[in-house]
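The values are calculated or read from the model by the stated rules, or taken from the named source; none is laboratory data. Given the structure is predicted, the values throughout are model-derived calculations rather than measurements. Heads up, the Cβs are rebuilt from the backbone with ideal geometry, glycines too, and the neighbour counts pull from every protein chain shown. To get the accessible areas, we keep the full protein, side chains included, count just its heavy atoms, and leave off ligands, DNA and RNA. Shrake-Rupley method; radii C 1.70, N 1.55, O 1.52, S 1.80 Å.
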Amino acid sequence: MPTFSADLHLTSLPQLLLDVNAINANIALKEQWAAEHSMVLAPHIKTTMTREIVQRQLPGSWGVTVATPAQAAHAVGWGARRILIANEVVFPPLVHELRRLLEVNPSLEVYCLVDSSAAVSALAGGFEDTDRQLFVLLDVGIPGGRTGIRAAAEAAALAAAVMNARGLRLAGISAYEGIAPNVRTPENLVVIDAHCRTAMEVFNSLRDQFEVERPLFSVGGSAFQDRAAQFLPEGALSVLRSGCYVIHDHGTYADVSPLPGLRAAAVVRAVVLSVPEEGRAILGAGKRELAYDAGLPTLVAHHRDGIALAEPTGVVVRLFDHHAGVDSAGSLQVGDTVDLGISHPCSVFDRWRTALAVHGNSTELWHPQF
(Lines give C-alpha, C1' and ligand atoms only; values in the text may rest on other atoms or scores of the structure.)
Protein backbone atom coordinates (compact mmCIF):
# COMPACT_ATOMS: atom_id res chain seq x y z
CA MET A 1 0.00 0.00 0.00
CA PRO A 2 1.28 3.52 -0.73
CA THR A 3 2.38 5.46 2.34
CA PHE A 4 0.80 8.68 1.09
CA SER A 5 -2.70 9.35 -0.20
CA ALA A 6 -2.98 9.69 -3.95
CA ASP A 7 -5.30 12.70 -3.65
CA LEU A 8 -3.11 15.03 -1.61
CA HIS A 9 -3.91 18.57 -2.72
CA LEU A 10 -0.51 19.71 -3.92
CA THR A 11 -0.02 23.11 -5.52
CA SER A 12 3.40 22.33 -6.91
CA LEU A 13 5.47 19.34 -7.96
CA PRO A 14 7.95 17.88 -7.31
CA GLN A 15 7.41 17.80 -3.54
CA LEU A 16 9.15 16.10 -0.62
CA LEU A 17 6.52 14.26 1.43
CA LEU A 18 7.07 13.15 5.02
CA ASP A 19 5.03 10.53 6.87
CA VAL A 20 4.73 11.90 10.42
CA ASN A 21 3.36 8.62 11.80
CA ALA A 22 6.40 6.77 10.45
CA ILE A 23 8.78 9.38 11.89
CA ASN A 24 7.17 9.08 15.34
CA ALA A 25 7.29 5.29 15.20
CA ASN A 26 10.95 5.26 14.13
CA ILE A 27 11.89 7.57 16.99
CA ALA A 28 10.13 5.34 19.53
CA LEU A 29 11.76 2.19 18.15
CA LYS A 30 15.23 3.71 18.31
CA GLU A 31 14.78 4.96 21.87
CA GLN A 32 13.65 1.50 22.96
CA TRP A 33 16.59 -0.20 21.22
CA ALA A 34 19.13 2.17 22.78
CA ALA A 35 17.71 1.63 26.27
CA GLU A 36 17.74 -2.15 25.83
CA HIS A 37 21.42 -2.00 24.86
CA SER A 38 22.54 0.30 27.72
CA MET A 39 23.08 3.27 25.42
CA VAL A 40 21.77 6.83 25.29
CA LEU A 41 20.87 8.68 22.11
CA ALA A 42 22.41 11.78 20.60
CA PRO A 43 20.73 11.58 17.18
CA HIS A 44 22.68 13.04 14.30
CA ILE A 45 20.26 15.75 13.25
CA LYS A 46 22.22 16.72 10.12
CA THR A 47 20.10 14.06 8.43
CA THR A 48 17.05 16.34 8.44
CA MET A 49 17.94 19.68 10.10
CA THR A 50 14.21 20.17 10.54
CA ARG A 51 12.94 21.68 13.78
CA GLU A 52 9.71 19.70 13.91
CA ILE A 53 11.63 16.42 13.62
CA VAL A 54 14.43 17.34 16.03
CA GLN A 55 11.97 18.46 18.68
CA ARG A 56 10.34 15.04 18.46
CA GLN A 57 13.74 13.42 19.05
CA LEU A 58 14.86 15.60 21.95
CA PRO A 59 12.66 14.29 24.80
CA GLY A 60 14.07 10.76 24.58
CA SER A 61 17.65 11.77 23.90
CA TRP A 62 20.73 12.60 25.98
CA GLY A 63 21.60 15.33 23.45
CA VAL A 64 22.03 15.76 19.71
CA THR A 65 24.87 15.30 17.24
CA VAL A 66 25.68 17.80 14.49
CA ALA A 67 28.41 18.19 11.89
CA THR A 68 29.10 21.95 12.03
CA PRO A 69 28.91 24.90 14.42
CA ALA A 70 26.14 26.37 12.25
CA GLN A 71 24.07 23.25 12.82
CA ALA A 72 24.89 23.49 16.52
CA ALA A 73 23.45 27.00 16.61
CA HIS A 74 20.19 25.76 15.06
CA ALA A 75 20.07 22.91 17.58
CA VAL A 76 20.40 25.35 20.48
CA GLY A 77 17.52 27.38 19.06
CA TRP A 78 15.40 24.23 18.92
CA GLY A 79 16.03 23.40 22.57
CA ALA A 80 19.12 21.16 22.62
CA ARG A 81 21.31 21.56 25.70
CA ARG A 82 23.97 18.93 24.92
CA ILE A 83 25.61 18.99 21.51
CA LEU A 84 28.20 16.61 20.13
CA ILE A 85 29.95 17.93 17.03
CA ALA A 86 31.07 14.74 15.28
CA ASN A 87 33.73 16.62 13.39
CA GLU A 88 37.03 18.45 13.77
CA VAL A 89 36.56 22.20 14.30
CA VAL A 90 39.87 23.97 13.57
CA PHE A 91 39.02 27.18 11.66
CA PRO A 92 39.41 30.02 14.21
CA PRO A 93 36.15 31.87 13.39
CA LEU A 94 34.22 28.63 13.88
CA VAL A 95 36.01 27.92 17.17
CA HIS A 96 34.99 31.38 18.34
CA GLU A 97 31.41 30.65 17.25
CA LEU A 98 31.42 27.67 19.61
CA ARG A 99 32.73 29.89 22.38
CA ARG A 100 29.99 32.44 21.70
CA LEU A 101 27.32 29.71 21.86
CA LEU A 102 28.63 28.54 25.22
CA GLU A 103 28.93 32.05 26.67
CA VAL A 104 25.36 33.05 25.79
CA ASN A 105 23.92 29.68 26.87
CA PRO A 106 25.25 28.94 30.39
CA SER A 107 23.54 25.53 30.61
CA LEU A 108 24.88 24.33 27.24
CA GLU A 109 27.43 21.51 26.94
CA VAL A 110 29.42 21.12 23.71
CA TYR A 111 31.63 18.16 22.80
CA CYS A 112 34.13 18.23 19.91
CA LEU A 113 36.55 15.72 18.35
CA VAL A 114 40.32 15.95 17.95
CA ASP A 115 42.84 13.68 16.26
CA SER A 116 46.03 15.78 16.39
CA SER A 117 47.95 18.23 18.53
CA ALA A 118 47.23 20.86 15.86
CA ALA A 119 43.49 20.36 16.33
CA VAL A 120 43.92 20.64 20.11
CA SER A 121 45.81 23.92 19.65
CA ALA A 122 43.12 25.28 17.35
CA LEU A 123 40.39 24.63 19.92
CA ALA A 124 42.49 25.84 22.84
CA GLY A 125 43.18 29.10 21.03
CA GLY A 126 39.53 30.01 21.31
CA PHE A 127 39.04 28.98 24.95
CA GLU A 128 42.21 29.89 26.83
CA ASP A 129 40.82 33.22 28.13
CA THR A 130 37.26 32.24 29.08
CA ASP A 131 35.72 30.43 32.01
CA ARG A 132 33.56 28.34 29.67
CA GLN A 133 34.98 24.92 28.86
CA LEU A 134 34.77 22.73 25.81
CA PHE A 135 34.51 18.95 26.24
CA VAL A 136 36.81 17.01 23.93
CA LEU A 137 36.63 13.43 22.65
CA LEU A 138 39.59 11.69 21.04
CA ASP A 139 38.63 10.71 17.51
CA VAL A 140 39.55 7.12 16.61
CA GLY A 141 39.59 6.42 12.87
CA ILE A 142 40.72 3.74 10.44
CA PRO A 143 43.43 3.71 7.76
CA GLY A 144 42.04 5.13 4.55
CA GLY A 145 39.02 6.55 6.38
CA ARG A 146 38.11 10.06 7.42
CA THR A 147 39.41 11.87 10.51
CA GLY A 148 40.71 10.06 13.58
CA ILE A 149 43.96 8.66 14.90
CA ARG A 150 45.16 5.70 12.88
CA ALA A 151 46.75 3.73 15.71
CA ALA A 152 45.92 3.23 19.38
CA ALA A 153 49.49 4.16 20.28
CA GLU A 154 48.77 7.78 19.30
CA ALA A 155 46.11 8.18 22.00
CA ALA A 156 48.25 8.79 25.09
CA ALA A 157 50.14 11.80 23.72
CA LEU A 158 46.96 13.29 22.28
CA ALA A 159 45.14 12.86 25.59
CA ALA A 160 47.99 14.62 27.37
CA ALA A 161 47.78 17.52 24.93
CA VAL A 162 44.09 17.98 25.70
CA MET A 163 44.64 17.78 29.44
CA ASN A 164 47.36 20.42 29.25
CA ALA A 165 45.21 22.84 27.25
CA ARG A 166 43.40 25.52 29.23
CA GLY A 167 39.69 25.60 28.47
CA LEU A 168 39.51 21.99 27.23
CA ARG A 169 38.44 18.92 29.20
CA LEU A 170 39.17 15.37 28.11
CA ALA A 171 35.74 13.75 28.15
CA GLY A 172 35.96 10.47 26.24
CA ILE A 173 36.40 8.64 22.96
CA SER A 174 34.57 8.80 19.65
CA ALA A 175 34.52 6.28 16.80
CA TYR A 176 32.42 5.82 13.68
CA GLU A 177 31.94 2.28 12.51
CA GLY A 178 29.73 3.46 9.65
CA ILE A 179 32.75 4.61 7.64
CA ALA A 180 32.88 1.04 6.34
CA PRO A 181 30.79 0.16 3.28
CA ASN A 182 27.11 -0.39 4.06
CA VAL A 183 27.11 -4.11 3.36
CA ARG A 184 26.86 -6.98 5.83
CA THR A 185 29.46 -9.25 4.32
CA PRO A 186 31.59 -11.31 6.73
CA GLU A 187 34.71 -9.47 5.57
CA ASN A 188 33.18 -6.05 6.24
CA LEU A 189 31.88 -7.04 9.66
CA VAL A 190 35.39 -8.12 10.65
CA VAL A 191 36.68 -4.62 9.79
CA ILE A 192 33.82 -2.96 11.70
CA ASP A 193 34.33 -5.13 14.77
CA ALA A 194 38.07 -4.45 14.74
CA HIS A 195 37.46 -0.70 14.63
CA CYS A 196 34.99 -0.82 17.52
CA ARG A 197 37.35 -3.03 19.53
CA THR A 198 40.23 -0.60 19.00
CA ALA A 199 38.10 2.32 20.17
CA MET A 200 37.13 0.38 23.28
CA GLU A 201 40.77 -0.45 23.97
CA VAL A 202 41.76 3.21 23.62
CA PHE A 203 39.02 4.15 26.09
CA ASN A 204 40.20 1.55 28.59
CA SER A 205 43.82 2.71 28.27
CA LEU A 206 42.83 6.25 29.24
CA ARG A 207 40.38 5.51 32.06
CA ASP A 208 42.46 7.30 34.67
CA GLN A 209 42.95 10.43 32.57
CA PHE A 210 39.41 11.47 31.68
CA GLU A 211 38.43 14.75 33.31
CA VAL A 212 34.71 14.13 33.72
CA GLU A 213 32.81 12.04 36.23
CA ARG A 214 31.44 9.65 33.61
CA PRO A 215 33.42 9.68 30.35
CA LEU A 216 31.69 9.27 27.01
CA PHE A 217 32.15 6.46 24.56
CA SER A 218 30.46 7.70 21.41
CA VAL A 219 29.75 5.59 18.35
CA GLY A 220 27.63 6.40 15.35
CA GLY A 221 25.70 4.86 12.56
CA SER A 222 22.28 3.49 11.74
CA ALA A 223 23.68 0.55 9.79
CA PHE A 224 25.91 -1.28 12.28
CA GLN A 225 24.68 -0.16 15.68
CA ASP A 226 24.33 -3.81 16.71
CA ARG A 227 28.05 -4.39 16.09
CA ALA A 228 29.04 -1.27 18.02
CA ALA A 229 26.87 -2.34 20.96
CA GLN A 230 29.11 -5.40 21.45
CA PHE A 231 32.12 -3.22 22.31
CA LEU A 232 30.93 -0.81 25.00
CA PRO A 233 33.43 -0.12 27.79
CA GLU A 234 32.25 -0.83 31.30
CA GLY A 235 31.30 2.33 33.18
CA ALA A 236 31.22 4.58 30.13
CA LEU A 237 28.27 6.69 29.10
CA SER A 238 27.75 5.03 25.72
CA VAL A 239 26.29 7.56 23.31
CA LEU A 240 24.73 6.36 20.06
CA ARG A 241 24.61 9.10 17.45
CA SER A 242 22.65 7.50 14.60
CA GLY A 243 20.90 9.83 12.17
CA CYS A 244 19.32 7.99 9.24
CA TYR A 245 16.95 5.89 11.34
CA VAL A 246 14.47 8.74 11.82
CA ILE A 247 13.61 8.80 8.10
CA HIS A 248 15.00 5.39 7.10
CA ASP A 249 14.83 4.80 3.32
CA HIS A 250 13.93 2.58 0.38
CA GLY A 251 17.52 1.54 -0.33
CA THR A 252 20.79 1.34 1.61
CA TYR A 253 19.38 1.38 5.13
CA ALA A 254 16.38 -0.74 4.24
CA ASP A 255 18.93 -3.40 3.25
CA VAL A 256 21.37 -3.21 6.18
CA SER A 257 19.63 -1.77 9.26
CA PRO A 258 19.61 -4.24 12.16
CA LEU A 259 16.54 -2.58 13.69
CA PRO A 260 13.36 -4.31 12.47
CA GLY A 261 10.22 -2.26 12.14
CA LEU A 262 11.70 0.99 10.83
CA ARG A 263 9.55 2.55 8.10
CA ALA A 264 10.61 4.69 5.17
CA ALA A 265 9.16 8.10 6.00
CA ALA A 266 10.05 10.19 2.94
CA VAL A 267 9.29 10.15 -0.76
CA VAL A 268 9.46 12.70 -3.53
CA ARG A 269 6.28 13.00 -5.57
CA ALA A 270 6.84 13.92 -9.23
CA VAL A 271 4.71 14.22 -12.35
CA VAL A 272 5.20 12.30 -15.58
CA LEU A 273 6.11 15.01 -18.08
CA SER A 274 6.62 12.98 -21.22
CA VAL A 275 6.46 9.50 -22.70
CA PRO A 276 8.66 10.16 -25.72
CA GLU A 277 9.28 6.54 -26.60
CA GLU A 278 7.54 3.26 -25.94
CA GLY A 279 8.48 2.07 -22.47
CA ARG A 280 10.30 5.32 -21.65
CA ALA A 281 8.94 8.05 -19.37
CA ILE A 282 10.42 11.35 -18.20
CA LEU A 283 9.61 12.58 -14.69
CA GLY A 284 9.74 16.15 -13.45
CA ALA A 285 12.39 15.61 -10.73
CA GLY A 286 16.12 15.16 -11.02
CA LYS A 287 19.48 15.68 -9.32
CA ARG A 288 18.34 18.94 -7.73
CA GLU A 289 15.45 17.17 -5.96
CA LEU A 290 16.52 13.53 -5.56
CA ALA A 291 19.35 11.88 -3.64
CA TYR A 292 21.48 9.65 -5.83
CA ASP A 293 24.81 9.19 -4.00
CA ALA A 294 23.77 5.76 -2.68
CA GLY A 295 21.71 4.49 -5.61
CA LEU A 296 19.07 5.87 -7.93
CA PRO A 297 15.53 6.44 -6.62
CA THR A 298 12.91 3.73 -6.93
CA LEU A 299 9.25 4.06 -7.94
CA VAL A 300 7.09 3.08 -4.97
CA ALA A 301 3.64 4.39 -5.95
CA HIS A 302 1.71 5.42 -9.07
CA HIS A 303 -1.36 7.70 -9.19
CA ARG A 304 -3.76 8.99 -11.84
CA ASP A 305 -6.49 11.55 -11.26
CA GLY A 306 -6.10 11.21 -7.49
CA ILE A 307 -6.44 7.42 -7.53
CA ALA A 308 -3.69 4.98 -6.53
CA LEU A 309 -2.93 2.45 -9.26
CA ALA A 310 -0.99 -0.80 -9.12
CA GLU A 311 2.62 -0.67 -8.00
CA PRO A 312 4.76 0.82 -10.76
CA THR A 313 7.23 -1.37 -12.62
CA GLY A 314 9.44 1.36 -14.08
CA VAL A 315 13.12 1.72 -13.24
CA VAL A 316 14.90 5.05 -12.91
CA VAL A 317 17.98 4.76 -15.12
CA ARG A 318 19.27 8.32 -15.39
CA LEU A 319 18.97 11.67 -13.64
CA PHE A 320 19.31 15.09 -15.23
CA ASP A 321 19.18 18.38 -13.29
CA HIS A 322 15.37 18.44 -13.08
CA HIS A 323 14.35 15.28 -14.95
CA ALA A 324 14.51 11.54 -14.37
CA GLY A 325 14.50 8.95 -17.12
CA VAL A 326 12.44 5.81 -16.44
CA ASP A 327 12.73 2.65 -18.51
CA SER A 328 10.22 -0.22 -18.54
CA ALA A 329 7.70 2.52 -17.80
CA GLY A 330 4.71 0.25 -18.32
CA SER A 331 1.44 2.12 -17.85
CA LEU A 332 2.90 5.52 -16.94
CA GLN A 333 1.10 8.31 -18.80
CA VAL A 334 1.65 12.02 -19.14
CA GLY A 335 0.08 13.76 -16.14
CA ASP A 336 0.33 10.76 -13.81
CA THR A 337 2.23 11.19 -10.57
CA VAL A 338 4.67 8.79 -8.94
CA ASP A 339 6.27 8.61 -5.51
CA LEU A 340 10.00 8.06 -5.56
CA GLY A 341 11.68 6.28 -2.69
CA ILE A 342 15.22 7.37 -1.91
CA SER A 343 18.42 5.78 -0.63
CA HIS A 344 20.53 7.50 2.07
CA PRO A 345 18.34 10.08 3.84
CA CYS A 346 21.29 12.39 4.61
CA SER A 347 21.34 13.51 0.98
CA VAL A 348 17.67 14.43 0.67
CA PHE A 349 16.69 17.27 2.96
CA ASP A 350 19.36 19.76 1.92
CA ARG A 351 17.72 19.85 -1.50
CA TRP A 352 14.47 21.24 -0.14
CA ARG A 353 13.33 24.52 1.43
CA THR A 354 9.97 23.01 2.32
CA ALA A 355 8.71 19.52 3.03
CA LEU A 356 5.06 18.56 3.27
CA ALA A 357 4.49 16.69 6.52
CA VAL A 358 1.48 14.38 6.27
CA HIS A 359 -0.27 13.25 9.46
CA GLY A 360 -3.51 11.42 8.76
CA ASN A 361 -5.72 13.83 6.84
CA SER A 362 -3.75 16.91 7.87
CA THR A 363 -0.70 18.45 6.25
CA GLU A 364 1.83 21.04 7.35
CA LEU A 365 4.84 22.66 5.75
CA TRP A 366 8.13 22.00 7.50
CA HIS A 367 11.31 23.89 6.65
CA PRO A 368 14.74 22.20 6.68
CA GLN A 369 17.51 24.57 7.82
CA PHE A 370 20.91 24.02 6.19
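Accessible area of Y292 (1.4 Å probe, protein heavy atoms only, ligands and nucleic acids ignored): about 100 Å². Here the relative contact order of region 204-260, from alpha carbon pairs under 8 Å that lie six or more residues apart, stands at 39 percent. About the centre of its Cα atoms, the chain shows a dipole size close to 440 debye [charges on the beta carbon of Lys, Arg (+1) and Asp, Glu (-1) only; nearest 20 debye].
Oblate is the label for region 1-85, because a/c, from the alpha-carbon gyration tensor with a ≥ b ≥ c as root eigenvalues, is 1.5 or above and a/b does not exceed b/c. Here the accessible area is traced with a 1.4 Å probe on the protein chains. For the chain, carbon and sulfur cover 50 percent of it.
Of all the options S38, S107, S343, the one that moves most in a Gaussian network model of the chain with Cα springs shorter than 10 angstrom is S107. Given in Å, the Rg to one decimal and the Dmax to the nearest whole number for the Cα atoms of region 57-106 are 10.7, 33. Applying a DSSP loop filter and a limit of 14 other Cβ atoms within 10 Å to the GluC sites (Glu not before Pro) in region 148-214 leaves E213.
For region 36-155, the Cα-based Rg and Dmax, in that order, read 14.7, 43 Å.
Overall, the ratio between the Cα radius of gyration of region 147-216 and 2.2 N^0.38 Å, rounded to two decimals, is 1.27. What percentages make up the Cα-Cα pair-distance distribution of region 233-367 when the bins are 5 Å wide from 0? Binned Cα distances yield the sequence 2, 10, 18, 20, 18, 15, 8, 3, 2, 2, 1, 1, 0.
Using the 1.4 Å probe convention, the accessible area of the chain works out to 42 Å² per residue with neighbouring protein chains retained.
Taken as Cα centroids, region 40-95 and region 306-370 sit 27 Å apart, rounded to the nearest whole angstrom. Once C-alpha pairs closer than 8 Å and six or more residues apart are averaged by separation and normalised to the residue number of the chain, the relative contact order reads 20 percent. Computed from the Cβ-Cβ distance with R0 of 51 Å, the FRET efficiency linking R288 to N164 stands at 0.60. Normalised by residue number, the volume inside the convex hull of the Cα atoms of region 157-306 is 185 Å³ per residue. The string of couplings for region 25-32 from the Karplus curve (6.51, -1.76, 1.60, θ = phi - 60°) is 5, 5, 4, 5, 4, 5, 4, 5 Hz, one whole number per residue in order, with x for Gly and Pro. In the chain, the ratio of gyration radius to Kirkwood radius, Rg to Rh, stands at 1.02 when only Cα atoms are counted. Helical runs (DSSP H, four residues minimum) scored at -39500 (n - 2.57) apiece and divided by the length of the chain put the mean residue ellipticity at 222 nm at -7500 deg cm²/dmol.
The shape of region 309-361 can be summarised by an equivalent ellipsoid whose semi-axes, obtained from the alpha carbon gyration tensor, come to 22, 17, 11 Å from longest to shortest. Modelled this way, with points 7 Å down the Cα-to-C-beta line, the labels at R81 and T185 are 4.7 nm from one another. Under 5 Å from the amide H of R82 lie the amide H atoms of V64, E109, each residue being 5 or more positions distant or on a separate chain, with H modelled from the backbone and absent for Pro and chain starts.
Positive end of the dipole of the chain (Cβ unit charges, origin at the Cα centre): among F135, G295, L365, the Cα lying farthest that way belongs to F135.
Length available on full extension from D131 to R318: 0.36 nm per residue minus the Cα-Cα distance, which gives 61.8 nm. Pairwise alpha-carbon distances in region 221-268 exceed 17 Å for 38% of all pairs. Between S38 and V104, the contour length at 0.36 nm per residue exceeds the alpha carbon distance by 20.5 nm. Extension gain, Q55-N24: 0.36 nm per intervening residue step, less the Cα-Cα distance, totals 10.1 nm.
M39 contributes about 10 Å² of solvent-accessible surface, heavy atoms of the protein only, 1.4 Å probe.
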